[in-house]
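Novice: Sharing a structure here in structure tokens format.
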Amino acid sequence: MRYYEGKVNIVHAIQVSDLSKYDTSLYDVILSTVPLSNSYTMPVIQVQTFLEEMTLKDISKELNTDTYDIEKYFSEAIFFSNLEFEKKDDILKYMCEQIAKVKDVQENFYESVMNREMISTTSFGNLVAIPHPNHPISSETFVAVGILKKQILWDDKKVQIVFLVSVENSQGRELQKFYQMVSRLLSSRN
């Protein structure tokens, strides 16, 4: 905890005999002081009771691999900076129109995003909004980024960066990792 303070969230410290009681697919990595089978979908790193410098580097290497995986969901073609809009509806319409030019989305993509906005706010603090369709509506998962020149009022919070997220209609570990990485990225003040 001391070495990785602010970088990781240690969820559970458990006995090996209790490991089968947990859905391990929800975690990024397992650190174990005893050998474990290779039947896990995430990395398993065997460590000594007292962590050594080399082990800490191995853990860092494993933890950093996820940050690169998320890049595949971003594209320069849907990255917009220095935008001058004063209303969330206008920025969303613009972003959805631009997305439709380069991504395979349904015709009602904008309407679906706006329908989701009516359900509840998608601004969460840190000057960030995360609008998204009210159901999976694209053939791939992607994140469009809009950076506004000036903050605007997005429902009840100020927003300057918009991450418009569209998730493909699929399930699985990769999608779970996507949500975890986006959550980490967007909840970080930095």
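The values are calculated or read from the model by the stated rules, or taken from the named source; none is laboratory data. Only a predicted model underlies this, so the values are computations on that prediction, with no experimental measurement involved. We place every Cβ from the backbone using ideal geometry, glycine too, and count neighbours over all the protein chains shown. Just the protein is used for accessible areas: all its heavy atoms, side chains included, with ligands, DNA and RNA removed. Shrake-Rupley method; radii C 1.70, N 1.55, O 1.52, S 1.80 Å.
Novice: Subtracting the Cα-Cα distance from 0.36 nm times the residue separation, let me have the gained length for residue 20 to residue 134 in nm, one decimal. Mind dumping the intermediate values first?
Specialist: Details: separation 114, 0.36 × 114 = 41.04 nm, distance 3.49 nm.
Extending this stretch completely gives an extra 37.5 nm.
Novice: Residue 94 versus residue 168, label points 7 Å from Cα toward the beta carbon: distance in nm?
Specialist: Each label point lies 7 Å from its Cα, and together they span 3.0 nm.
Novice: How many Å³ per residue does the convex hull of the Cα positions in region 70-134 occupy?
Specialist: Measuring per residue, one finds 113 Å³ for the Cα hull of region 70-134.
Novice: Probe 1.4 Å, all protein chains in place: accessible area of residue 39 in Å², nearest 10?
Specialist: That residue has around 90 Å² of solvent-accessible surface.
Novice: Please work out the FRET efficiency for the pair residue 118 and residue 150, using the Cβ-Cβ distance as r and a Förster radius of 25 Å; give the result to the nearest 0.05.
Specialist: Efficiency for this residue pair is about 0.50.
Novice: If you don't mind, there's one more thing I want to ask. What is the spin-label model distance, in nm, from residue 56 to residue 126 if the labels are put 7 Å beyond Cα along the C-beta direction?
Specialist: The two pseudo-label positions are separated by 2.6 nm.
Novice: Just to be sure I understand the curve: with the Debye formula and one point per C-alpha of region 69-108, what is log10 I(q)/I(0) at q = 0.16, 0.32 Å⁻¹?
Specialist: -0.48, -1.13
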